[in-house]
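Peer 1: One structure, pasted below without further comment.
The values are calculated or read from the model by the stated rules, or taken from the named source; none is laboratory data. This is a predicted model, so every value here is computed, not measured. FYI the Cβ positions are ideal-geometry reconstructions off the backbone, even for glycines, and counts take in every protein chain you see. In case anyone asks, the SASA skips ligands and DNA or RNA and just uses the protein heavy atoms, side chains included. Shrake-Rupley method; radii C 1.70, N 1.55, O 1.52, S 1.80 Å.
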Amino acid sequence: MSDGPLMLLDTASLYFRAYYGVPDSVKAPDGTPVNAVRGLLDMIARLVADHRPARLAACWDEDWRPAFRVEAIPSYKAHRVATGSTDAEEVPDTLAPQVPVIAEVLAALGIARAGAPGYEADDVIGTLTARESGHGPVLVVTGDRDLFQLVDDDAPVRVLYTIRGIKDIEQVDTARLTERYAVASGAAYADMAVLRGDPSDGLPGVAGIGEKTAAALLTRYGDLATLLAARDAGDPGLTATQRRRLTEAADYLAVAPGVVRVADDAPVVLAPRRGGSDTLDLPREPADPEALVDLTERWGLESSVRRVLTALARR
């Protein structure tokens, strides 16, 4: 086994990127679209070849809209709920059937799939990252900026951010956070995200305080807690307008950090895998070769599976 990093995949983020990045003309022999499956496998092959991780987990949303976040902020991801449902996410018709195929192929390959009841993949990633602290480097692969909060040069934790499609990947460390967002750490990014809000997640933020103002305030005060203490103390470093806006958003600011910050203590479990492995170790050969052959032929995945197997064997 190599001494490479632990790699954590924000799986849903990546298969959504693959779905939109690979043409839907990519189909199985029976005509079923498999663009998300192929795209995700090709991404895994490239990531393993380029970064040589020793362990890897495909992190899964067991609950894409956890109750504890909705209770705190009812608008959390509310606009993504499928029509006529109370808890199902709106997913394209031709993507939804591909998700179980992804799970089956990962199991046959022997690649770990990790989830936590009642939590999102982000929380699984946050928890596995916390468990790895002091043991070695972590690479988080995602198309979601929310996970920038985990960046930590000391740990070290870096994010491989999929900018467009499945080919353009940016490495994000503290220097990149400072350059792009004017914040000094992953923790400061989370504080900035609380203040700024995020319409794509149904988080209103503080009215009138955008990304640049939020970053400037955090640079001045260090963190959100100190900023709010300054608000309450009438600190002259805040303008009257800033103090008023922060005061008007007091209820939101009291609960938003618990929504924005990923959990580091989620009850993570690994999905059953062929061969009975209960580790994150990457295999050098498939866990269930016969099942993998069957899945490959049924879904027309020959070239993508071959690339994954080649990358695994060459680590």
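Peer 1: Kindly provide the set of residues from region 99-127 that are of a type in the set (Ser, Thr, Tyr) and either open to solvent by 20 Å² or more (accessible area, probe 1.4 Å) or not in a helix (DSSP H, G or I) (or both), ordered by number.
Peer 2: We begin by selecting, within region 99-127, every residue of a type in the set (Ser, Thr, Tyr); these are 119, 127.
Within region 99-127, just Tyr119 meets the criteria.
Peer 1: Let me ask you something else. From (1) closer than 26 Å to Thr129 by Cβ; (2) among the polar types (S, T, N, Q); (3) open to solvent by 60 Å² or more (accessible area, probe 1.4 Å), pick out the condition that doesn't hold for Thr247.
Peer 2: Every listed condition holds for Thr247 apart from (1).
Peer 1: Condition first: acidic (Asp, Glu), touching a residue at least 60 places away in the same chain (Cβ under 8 Å) and under 26 Å from Ala254 (Cβ atoms). Can you find one or more residues in region 103-117 that meet it? First the steps, then the outcome.
Peer 2: First, pick out the residues of region 103-117 that are acidic (Asp, Glu): 104.
Restricting the remaining residues to those that are touching a residue at least 60 places away in the same chain (Cβ under 8 Å) gives 104.
Narrowing further to those that are under 26 Å from Ala254 (Cβ atoms): none.
No - not one qualifying residue is present in region 103-117.
Peer 1: Ala291 versus (1) under 30 Å from Val194 (Cβ atoms); (2) of a type in the set (A, V, I, L, M, F, W, C); (3) surrounded by fewer than 18 Cβ atoms within 10 Å (Cβ to Cβ): which is the lone unmet condition?
Peer 2: With (1) under 30 Å from Val194 (Cβ atoms); (2) of a type in the set (A, V, I, L, M, F, W, C); (3) surrounded by fewer than 18 Cβ atoms within 10 Å (Cβ to Cβ) applied to Ala291, the lone miss is (1).
Peer 1: Which one of Gly118, Gly186 is at pLDDT 95 or above and within 30 Å of Asp288 (Cβ to Cβ)?
Peer 2: The unique qualifying residue is Gly118.
Peer 1: Given the structure, is Asp146 open to solvent by 40 Å² or more (accessible area, probe 1.4 Å), modelled with pLDDT of 95 or more and either over 30 Å from Ala57 (Cα atoms) or not small (Gly, Ala, Ser) (or both)?
Peer 2: So Asp146 does not fit the description; no.
Peer 1: Run down Leu6, Leu41 and say which single residue is modelled with pLDDT of 95 or more and farther than 14 Å from Gln98 by Cβ.
Peer 2: Working: Leu41 fails: farther than 14 Å from Gln98 by Cβ.
Among Leu6, Leu41, only Leu6 is modelled with pLDDT of 95 or more and farther than 14 Å from Gln98 by Cβ.
Peer 1: Sticking with this structure for a sec: Restricting to region 199-213, name every residue that is without any contact (Cβ under 8 Å) to a residue 60 or more places away in the chain and within 19 Å of the chain's Cα centre (by Cα). If you could, list the steps in order and put the result at the bottom.
Peer 2: Filtering region 199-213 for residues without any contact (Cβ under 8 Å) to a residue 60 or more places away in the chain gives 199-200, 205-213.
Answer for region 199-213, where residues must be without any contact (Cβ under 8 Å) to a residue 60 or more places away in the chain and within 19 Å of the chain's Cα centre (by Cα): Pro199, Ser200.
Peer 1: Still on this structure, I have one more. Looking at region 149-168 only, could you name the residues that are open to solvent by 10 Å² or more (accessible area, probe 1.4 Å), within 20 Å of Tyr189 (Cα to Cα) and without any contact (Cβ under 8 Å) to a residue 24 or more places away in the chain?
Peer 2: Asp153, Asp154, Pro156, Arg158, Tyr161, Ile163
Peer 1: Considering Pro92, Pro74, which residue is touching a residue at least 60 places away in the same chain (Cβ under 8 Å) and under 28 Å from Asp198 (Cβ atoms)?
Peer 2: Going through Pro92, Pro74 in turn, just one is touching a residue at least 60 places away in the same chain (Cβ under 8 Å) and under 28 Å from Asp198 (Cβ atoms): Pro92.
Peer 1: List pairs: first in region 38-51 and closer than 20 Å to Pro5 by Cβ, second part of a helix (DSSP H, G or I) and open to solvent by 40 Å² or more (accessible area, probe 1.4 Å), Cβ under 6 Å, 6+ apart or cross-chain?
Peer 2: Ala45/Arg307
Rundown of residues vs (1) in contact with a Leu (Cβ under 8 Å, 6 or more places away or on another chain); (2) open to solvent by 70 Å² or more (accessible area, probe 1.4 Å); (3) at pLDDT below 95, yes/no style:
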{"residue": "Gly237", "(1), (2), (3)": "no, no, yes"}
{"residue": "Asp265", "(1), (2), (3)": "no, yes, no"}
{"residue": "Ser277", "(1), (2), (3)": "no, no, yes"}
{"residue": "Pro283", "(1), (2), (3)": "yes, no, yes"}
{"residue": "Ser303", "(1), (2), (3)": "no, no, no"}
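Peer 1: In the set Ala58, Ala28, Ala103, Ala112, which member is at pLDDT 95 or above and either charged (D, E, K, R) or farther than 28 Å from Ala263 by Cα (or both)? Spell out the reasoning first.
Peer 2: Details: Ala58 fails: either charged (D, E, K, R) or farther than 28 Å from Ala263 by Cα (or both); Ala103 fails: either charged (D, E, K, R) or farther than 28 Å from Ala263 by Cα (or both); Ala112 fails: either charged (D, E, K, R) or farther than 28 Å from Ala263 by Cα (or both).
Of Ala58, Ala28, Ala103, Ala112, the one residue that is at pLDDT 95 or above and either charged (D, E, K, R) or farther than 28 Å from Ala263 by Cα (or both) is Ala28.
Peer 1: Looking only at region 156-189, count every residue that is more than 20 Å from Ala12 (Cβ to Cβ) and out of contact with any strand residue (DSSP E or B) (no Cβ under 7 Å at 6 or more places or on another chain) and tell me the total.
Peer 2: Count: 16.
Peer 1: (1) free of Cβ contacts under 8 Å to residues at least 12 places away in the same chain; (2) open to solvent by 50 Å² or more (accessible area, probe 1.4 Å); (3) in a helix (DSSP H, G or I); (4) more than 29 Å from Ser133 (Cβ to Cβ): which one isn't true of Ala230, the others all being true?
Peer 2: (2)
Peer 1: For region 201-225, what are the residues that are open to solvent by less than 60 Å² (accessible area, probe 1.4 Å) and outside any loop (DSSP other than H, G, I, E, B)?
Peer 2: Of everything in region 201-225, those that are open to solvent by less than 60 Å² (accessible area, probe 1.4 Å) and outside any loop (DSSP other than H, G, I, E, B) turn out to be Asp201, Leu203, Glu211, Thr213, Ala214, Ala215, Ala216, Leu217, Leu218, Tyr221, Leu224.
Peer 1: To continue, here is another question. Among helices (runs of 4 or more DSSP H) lying entirely in region 1-92, which contain 2 or more residues that are buried (at least 20 other Cβ atoms within 10 Å of the Cβ)?
Peer 2: 11-21, 35-51
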